[in-house]
Structure formats: C-alpha cells, structure tokens
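Visitor: Before anything else, here's the structure in question.
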Amino acid sequence: MKPTRVAAIDVGSNAIRYVVAEVSAGVYQEIESERVAVRLGTDVFSRARTFREETMDTAVAVLFRIRRRLDDLGIDHYRAVATSAVREARNGGVLVERVRRESGIHLETISGSEEARLVWIAVTNEVDFGDHRWLMMDLGGGSVEISVADKDGILWSESHTLGSVRMLQTFQEEGEGPPSGAAYQELLERYTHVLKVPRAVGEFRPTGTIATGGNIDALADLAKAPRDERGVARLPFSDLHGLISKLGAMTAAQRTSQLGLREDRADVILPASVVYERVAQLAGAEEIVVPGVGVKEGLVLDLVDWISDETGHSTRREHTIRSAAVALGRRFQFDEVHGRQVARLSLQLFDQLADLHGLGTRERNLLMAGALLHDIGQFVSYRRHHKHSMYLIANSELPDMSPDDVQVVAALARYHRRSEPKTSHPEYETLSKDDRKAVRKLAALLRVADALDREHIERVASLEAEWTDEGLVLELETRGSLTLEEWALRRKGKMFESVFGRPIRLEANPVPV
C-alpha cells in the first residue's frame, strides 16, 4: 500500500512553520520541515492590533511558496492553523481570506484550548505520563497555554496573553532596539506576577512540569541539558534561573554573537525564560521536562490518527471532545452521571437512525458534547437553565472544536427543552443553513434521550431503534418502571415528530436488577 503524505502548517506570532511526513501503517516519518521568520505579532501586539499590508504580503508570499512545495511533494492531506496573532488581529479575517484566495491554503484560526490539545498530543507521543498528572506550559509569541493533563487528556487549561513577542512589544520603546539591562529584567519578572496557577497545583497536584515552544528548546540547549534517545531534555530549575541572570546581562546583539542565537530568538528569549521560571516556581518544579515538540507535531499526529481509520472517524478526536466536555461540565458542577447517560442514549439513537438523519461524524461529536453539557446551566439556576447552558457553552472554549462547532453545541443545550428552534432566535438565526438543519435533527434526538433519563437514575440499560411506517419504535431494556420517562417523552418527543414526521412508541423489557 502506497504511503500517505501529510503536512502541518503552523502560522504563529513569531514564525511560520511547516512539516511534511509520510504515513504508513499508522506510523509517520518526517521528510521535510522549515521555519520562516515572519513576526506577525509585531503588528498585532501594539495599539493598532492590525496587520499592515506589507506584513500580510510577506505572510501570503511565504504561504504561497509553502503550498507550491507541498504540491511538489504530493501531499494527500494537510491542516494549516493560525494562533494568537491572527486570532486577535482586527483584520485577521482579511489575512485568512487572502491566504485562501492567493495560495489555496485553508487557514484555520484556532483557540488557545485547541493549541493546548495539539501540544498534549505531541507531548504524549514523546513523554510517558504514566499514571501521573503533569503541569504543561506552551509558550508562543502571543500567549502561554497552561494545562494540567494526564495520559487520557487535558483536565484543566487556561490561556494567558503573556507571549514572548507580546511582552517584547509591551516594553520596547517605539523606534528603539530591544530593551536590555537589569531594570528590564526586573520589569519582566514583576509583569509575570499576574500568572496564577494555585488551583491547578492545589486541586490536581501535578507531579511534573513540561514546557514546549522554541524558546524552551533553545534554553535547554544553552544549558547543555542532556537529552534521552527520544530527544527529551530535562532542564534543572537552578540552571534556568542561572540562564536568566546571564541573558539579562546581555543585549540581544550579544546573545546573537556570543551564544549563536537567531536574531528573532535573541530578542524574545529573556521574556520567555521569565515566564517559564514563573510558572515552574508556582508549580514547585525542581526541573522542567522539554520534549522538543509543539503544535505542528500535534497536527501531524492528529492527521495520522484521522487517516489511520478507514472511515475517517478519529477516535482520538472523539475522546478529546468527550474529555473536554466533561472537564467543562465539572467546572460548573454538572450531574455527570446524567450527562453521560443522555450522551450514551443520544449516540445510540444517532448511530441506529443514520439513514434517517443523514448526518456525519462531525455532527455525532457535537451531539455527544451537547448531550453531556445540556444541563450545566443549572449551576446558575434551574429556571431557564437551558438558556444558561447555552450562554456558558457559547462563551467557553472546547478543544478540537471550531467557533461554529461550539455555537452548535450551545444551541443543542438551548433546545434540549422548551421552545423549538425559530429563526427569530438570534442564537439559531446566526448559524449557517446546514448547521440550522443539523441542530433541529440533533436537538430532536437529544430531547428523546433526555426524556429517557428523566429521573436521572439510568433506568434505561439499552435501546434498539426501529424506523417503521407507523413511526419510531424504541425497544428498551429497563431497570424498573418507566412511568415518569413515558410522561416526559410524550412532551419532549413532539419535536422528534415535527422534525421527522412520525411519532415514537416505547416497548419496555424489564431486566433483573
């Protein structure tokens, strides 16, 4: 079987990177990579918060060249993502459209949570997490993502606007070179005191600290930290502290001439190192594990996972979305047992009625997330909790989900009870035409599943769905009487009938308890 070639493009705040890999039997081999110094953050992390035309011209030209190179290499699949600079720029959408029109690359602006997820994928491929929890920090030009994770996924995550380029821009006087000296170092150290991770440390008690990003890789090299056979380094905290003193006493030009750093690394490595030190200090870390990977490696592994499944259904993506939804639900003290039961029943309905609804893997994952989170609004109040759920979800980040995906999940929570979707509802009207159709179908399934756990005690052990001329017949294995569930279904099943045109009938088969 011919190997598949994939590519990952990371449009960051300090550089544009790409990597090309060949995939065979679920394993990949890197065949080409490049880093191009395009500092998008210089424009955005200023008062203007806007890309200049010449900056966009440079970025588009680089991506045009990358696209031509990918064509020459015969790439089968690629994913291109942009992070904080494009995410925050007032004209970020203009750049994304120019890239699509002039290079043919579809550039996806991702959230900080998605950055953290991709880095987690890359790190777990290099570092054995064991049964421990780890504090992870991924520092880029515009932000630092701090997470607590284990081998199964991210348990907690926050994104802070303390990137290396952003901090340089904050303290660099207009028209002058990069700042240096003891006063500058003190400013950086005081500035990073806004970073707080007591909850992450106190609640989750991570046993180790992992750092990613080009600056920590450079710091590990400067400290001559030993690397294992996989290239993973361990940087003692004391060595990092010593490096900060050394770097702080040098100008950016001296760091280039004496330490061999690239110019676009020499000016940002001090603010980056101060952030790393601050987080490690808060975590009580004696050393920092440096795996030497980042977003682009996570992108490649995500693509490998996707193409390794003949159906194109990524089990890793499903697991990530489930874990993220549960983590968000726990933040708002949701009824996890009920959420998982409604998600289980919703997916059984979705899978068994695939020919009826005609929806795909994306919608299946959105239904799963919506089912898990449909009741989180009860954290605010039971009254109108469907609307509170919608608000909480719509204003949260869910890894591996686009902003449009998150809005669909929020809409599903909104419509799991009470009013059916109407174009007069802003949260529904702003969805795309296809997403509005999907929300109607998915909300109808969600209402049925929710009704079948009306008492929140998992009376339905399993279900078999059969679509007949008379309607939908649900054969249920039950634990005890379904009197309340039948009553709930008569009310909540009306949307299913209006969407699909036929009623629902239950056939209950009690099982021994």
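Visitor: Any idea which residue in segment 243-275 is most open to solvent (accessible area, probe 1.4 Å), counting only those that are β-branched (Val, Ile, Thr) and not in a helix (DSSP H, G or I)?
Guide: Going through the qualifying residues, I end up with Thr251.
Yes/no per residue for (1) out of contact with any Ser or Thr (no Cβ under 9 Å at 6 or more places or on another chain); (2) within 24 Å of Arg454 (Cβ to Cβ); (3) not charged (D, E, K, R):
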site: Lys387; (1), (2), (3): yes, yes, no
site: Leu392; (1), (2), (3): yes, yes, yes
site: Leu398; (1), (2), (3): no, no, yes
site: Ala411; (1), (2), (3): yes, yes, yes
site: Glu429; (1), (2), (3): no, no, no
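Visitor: For segment 452-464, indicate whether the set of residues that are open to solvent by less than 10 Å² (accessible area, probe 1.4 Å), touching a residue at least 12 places away in the same chain (Cβ under 8 Å) and either more than 32 Å from the chain's Cα centre (by Cα) or farther than 23 Å from Leu366 by Cβ (or both) is non-empty.
Guide: Checking segment 452-464: at least one residue is open to solvent by less than 10 Å² (accessible area, probe 1.4 Å), touching a residue at least 12 places away in the same chain (Cβ under 8 Å) and either more than 32 Å from the chain's Cα centre (by Cα) or farther than 23 Å from Leu366 by Cβ (or both).
Visitor: Among the residues in segment 390-397, are any part of a helix (DSSP H, G or I), without any contact (Cβ under 8 Å) to a residue 60 or more places away in the chain and under 30 Å from Val473 (Cα atoms)?
Guide: We begin by selecting, within segment 390-397, every residue part of a helix (DSSP H, G or I); these are 390-394.
Subsequent filtering for residues that are without any contact (Cβ under 8 Å) to a residue 60 or more places away in the chain retains 390-391, 394.
Still in the list and also under 30 Å from Val473 (Cα atoms): none.
No, segment 390-397 has no match at all.
Visitor: A further question follows. Six or more apart or on different chains, Cβ atoms under 7 Å: show the pairs whose first residue is in segment 19-31 and part of a loop (DSSP other than H, G, I, E, B) and whose second is not hydrophobic (A, V, I, L, M, F, W, C).
Guide: So the pair list comes out as Gly26/Ser308.
Visitor: Please work out which residue is farthest from the chain's Cα centre (by Cα), limiting yourself to segment 113-128 and to residues that are part of a loop (DSSP other than H, G, I, E, B) and not aliphatic (A, V, I, L, M). Spell out the reasoning first.
Guide: Residues of segment 113-128 part of a loop (DSSP other than H, G, I, E, B): 125-128.
Okay, now just the ones that are also not aliphatic (A, V, I, L, M), so 125-126, 128.
Numbers: Asn125: 17, Glu126: 19, Asp128: 21 Å.
It comes out as Asp128.
Visitor: Somewhere in segment 129-139, is a residue open to solvent by less than 10 Å² (accessible area, probe 1.4 Å) and over 26 Å from Glu286 (Cα atoms)?
Guide: No: zero hits.
Visitor: Just for segment 403-418: of the residues that are modelled with pLDDT under 95 and more than 19 Å from Ser159 (Cβ to Cβ), which one is most open to solvent (accessible area, probe 1.4 Å)?
Guide: Arg418
Visitor: For segment 88-112, which positions are surrounded by 22 or more Cβ atoms within 10 Å (Cβ to Cβ), β-branched (Val, Ile, Thr) and assigned to a helix (DSSP H, G or I)?
Guide: Val99 - this is the single residue of segment 88-112 that is surrounded by 22 or more Cβ atoms within 10 Å (Cβ to Cβ), β-branched (Val, Ile, Thr) and assigned to a helix (DSSP H, G or I).
Visitor: Quick check, is Gly471 among the small types (Gly, Ala, Ser), surrounded by 15 or more Cβ atoms within 10 Å (Cβ to Cβ), within 21 Å of Glu420 (Cα to Cα) and without any contact (Cβ under 8 Å) to a residue 40 or more places away in the chain?
Guide: On the way: among the small types (Gly, Ala, Ser): yes; surrounded by 15 or more Cβ atoms within 10 Å (Cβ to Cβ): yes; within 21 Å of Glu420 (Cα to Cα): yes; without any contact (Cβ under 8 Å) to a residue 40 or more places away in the chain: yes.
Taking the combined requirement at face value, the residue satisfies it.
Visitor: Can you tell me which of (1) at pLDDT 95 or above; (2) open to solvent by 60 Å² or more (accessible area, probe 1.4 Å) is the one Phe496 doesn't meet?
Guide: Condition (2) is where Phe496 drops out.
Visitor: Every residue in segment 76-87 that is out of contact with any helix residue (DSSP H, G or I) (no Cβ under 6 Å at 6 or more places or on another chain), closer than 30 Å to Pro3 by Cβ and open to solvent by 40 Å² or more (accessible area, probe 1.4 Å), please.
Guide: Hits for segment 76-87 are Asp76, Tyr78.
Visitor: Any idea which of (1) in contact (Cβ under 8 Å) with a residue 40 or more places away in the chain; (2) of a type outside the set (A, V, I, L, M, F, W, C); (3) open to solvent by 50 Å² or more (accessible area, probe 1.4 Å); (4) on the phi > 0 side of the Ramachandran plot is the one Asp400 doesn't satisfy?
Guide: So Asp400 meets the others, but not (3).
Visitor: Still on this model: Could you tell me which numbered condition Lys422 fails, if it satisfies all but one of (1) open to solvent by 10 Å² or more (accessible area, probe 1.4 Å); (2) assigned to a loop (DSSP other than H, G, I, E, B); (3) of a type outside the set (Ser, Thr, Tyr); (4) out of contact with any Phe, Trp or Tyr (no Cβ under 8 Å at 6 or more places or on another chain)?
Guide: Every condition holds for Lys422 apart from (4).
Visitor: Same structure, new question: Considering only residues that are in a helix (DSSP H, G or I) and at pLDDT below 90, which ones fall in segment 281-310?
Guide: Asp302, Leu303, Val304, Asp305, Trp306, Ile307, Ser308
Visitor: Can I ask one more? For segment 317-334: of the residues being charged (D, E, K, R) and touching a helix residue (DSSP H, G or I) at 6+ places or on another chain (Cβ under 8 Å), which is modelled with the highest pLDDT?
Guide: Arg322
Visitor: Please enumerate the residues belonging to segment 426-447 that are open to solvent by 30 Å² or more (accessible area, probe 1.4 Å) and assigned to a loop (DSSP other than H, G, I, E, B).
Guide: Thr430, Ser432
Visitor: Okay, moving on. Going by the structure shown, is Tyr382 among the hydroxyl-bearing types (Ser, Thr, Tyr), free of Cβ contacts under 8 Å to residues at least 12 places away in the same chain and open to solvent by 40 Å² or more (accessible area, probe 1.4 Å)?
Guide: Working: among the hydroxyl-bearing types (Ser, Thr, Tyr): yes; free of Cβ contacts under 8 Å to residues at least 12 places away in the same chain: yes; open to solvent by 40 Å² or more (accessible area, probe 1.4 Å): yes.
For Tyr382, the condition - among the hydroxyl-bearing types (Ser, Thr, Tyr), free of Cβ contacts under 8 Å to residues at least 12 places away in the same chain and open to solvent by 40 Å² or more (accessible area, probe 1.4 Å) - is met.
The values are calculated or read from the model by the stated rules, or taken from the named source; none is laboratory data. None of these values were measured; they are calculated from a predicted model. Don't worry about glycine lacking a Cβ; one is built from the backbone with ideal geometry, like all the others, and counts go over all protein chains shown. Please note that ligands, DNA and RNA were not included when accessible areas were found on the heavy atoms of the full protein model with its side chains. Shrake-Rupley method; radii C 1.70, N 1.55, O 1.52, S 1.80 Å.
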